[in-house]
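What follows draws every value from the coordinates through simple rules; no lab data is involved. Since we're looking at a predicted model, the values are computed, not measured. Cβ placement follows ideal geometry from the backbone for every residue including glycine, while neighbour counts extend to all protein chains displayed.
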């Protein structure tokens, strides 16, 4: 099934995508939880059966008349995986041995069709097309072989990122001569140190604004339940600037599989029902496309063209861009 959240007639509601393409409100099927998250947490068999029957009957709301919301509106956390693509890892002086994580706040989420807002002064800001996992069962210290059993379903997320804001929130700490960075420096043996002066430099970057600014998390339009995606590690992920294909990739090119990502994360933090884990950026350029690297796709320069991400078995997420003048 496909679960979605949306606004119709001024009301925020949720439901399922019917076989006829309409949206059937959960409330129309009888007693139902207040949100998709509540349904994921309780997973009532009775509610699920009624929703499945309603999806088969159809006759719901025309999708063109609704305002799409993030399918999960209040996850406890949104966890991303940094540079989880074979292309990115090949460029690394020291490739990651395990998935490396960052957070996006729930306030960054917006639904399908809703604008991503950027300011000219923020500098280069680009999309990152990714598969997102919605957790269905509490996951703590789960084995890789058991990880997919904790998944409720899959959706699409655009991990909008601003290297311009990231640059403002980065700092170089230079230790006194002869110290080579002190105790902290001894933890940085993985660096490609060019000379003794460079050995004294520690570089710190903070990602809260560059990835967590409002509207930097377009997601949706819906969640496809896990039973409809036999293998999340074999899904085409194609990206478009307007109608032009710009990146054509697959989750098969992730450095770490979906199972590995979930298992590794659960060793350090408890994943709760409704949590979102997005698994890595699609970054293989389309043949003859306009961009050779993901950072070339500066959405301050799209001139009204929407960003669109298509993932096999899930659908398409499209969002316009609004460039505002500096405050």
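Numbers at a glance
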read-out	value
Measure of compaction for segment 267-327 (Cα Rg per 2.2 N^0.38 Å)	1.52
Binned Cα-Cα distances of segment 1-94, short to long, each 10 Å bin given as a whole percent	15, 40, 21, 13, 10, 2
Centre separation in Å (Cα based) which lies between segment 252-327 and segment 8-39	27
Overall dimensions of the chain as given by Cα atoms, namely Rg and Dmax in Å	20.9, 75
Computed Rg/Rh of segment 183-327, alpha carbon atoms with Kirkwood Rh	1.02
Added length on full extension, which subtracts the Cα-Cα distance from 0.36 nm per residue, residue 325 to residue 144	60.5 nm
Cα-based Rg / Dmax (Å) for segment 209-250	13.8, 36
Within segment 128-165: backbone nitrogen closer than 16 Å to the residue 96 label point (7 Å, Cα to C-beta)	128-133, 159-161
Helical mean residue ellipticity (222 nm; -39500 (n - 2.57) per DSSP H run of 4+; nearest 500) of the chain	-4000 deg cm²/dmol
